[in-house]
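Structure, as structure tokens:
The values are calculated or read from the model by the stated rules, or taken from the named source; none is laboratory data. What you see is a predicted model; the values in this text were computed from it and never measured. In this analysis, Cβ positions are derived from the backbone assuming ideal geometry, glycine residues included, and neighbour counts consider all displayed protein chains.
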């Protein structure tokens, strides 16, 4: 598999994107912060199946971190990431510096999506989704993709990006891609590598509790309280993990519901000493 071209400047990656489009190719973008795993790989492969020019952006975006310690600890694995990009069919990798993306320092202009960001991770990570929305808007303007690929593991992020594209009439199709799990059920995340062996073992309770809730739902349970309790109860018994939230909300707009009489998302966040993990399952009414 040919190695993708690596671009470090906005001008160069934009020129390559425009050249590909002039040759009749669809341009796909997979925005990442690096530390690529199989979840990212599935996005890149999907983009390569659908687009002739696939850009993977690798940029640890400082303005979406509310904890500077978390920013400094975020894994940087550039060489390994480039191997993943090559193996999965990316044709370009955009690896800008912070100075390239924010030449005047922290931007005075922010993109903010209200409503969708008031709950779940938005409630406990102030400013996080403003940072996500701002950097995604910049990446869409820089790379000019026809399609951009996002995983459903970060479900709230997916809805935020879809809404900003709709509200701002941006000419890019947002393509949701299924959450990918490790063989034992743990949702794939770049943060998993930071877990101790004891934390990793406890973290399996997250997916197990979600799967138990799915079984209840498939047996006919529609009460939000009952389904949330099926997830929360086992997680409160963890010795290392602390529940951040367990919520069951409307899948389209994250609105509160009393019963699952429409499509819904059951979302969880658990904070361990080494990393905060999120997971979710979709319930189809």
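Would you confirm, using the coordinates I've provided, whether residue 65 is surrounded by 14 or more Cβ atoms within 10 Å (Cβ to Cβ), at pLDDT below 95 and within 30 Å of residue 252 (Cβ to Cβ)? Judged against the criteria, residue 65 is a match. So in the range 168-203, with the set limited to residues that are within 20 Å of the chain's Cα centre (by Cα) and in a helix (DSSP H, G or I), which one is surrounded by the fewest Cβ atoms within 10 Å (Cβ to Cβ)? Top of the filtered list is 193.
Yes/no per residue for (1) surrounded by fewer than 19 Cβ atoms within 10 Å (Cβ to Cβ); (2) touching a strand residue (DSSP E or B) at 6+ places or on another chain (Cβ under 6 Å); (3) assigned to a loop (DSSP other than H, G, I, E, B):
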| residue | (1), (2), (3) |
| --- | --- |
| 79 | yes, no, no |
| 83 | yes, no, no |
| 86 | yes, no, no |
| 90 | no, yes, yes |
| 93 | no, yes, no |
| 96 | no, no, yes |
| 99 | yes, no, no |
| 105 | yes, no, yes |
| 110 | yes, no, yes |
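Among the residues of the range 204-254, those identified as exposed (fewer than 15 other Cβ atoms within 10 Å of the Cβ), closer than 17 Å to residue 275 by Cα and under 22 Å from the mean Cα position of the chain (by Cα) are 204, 242.
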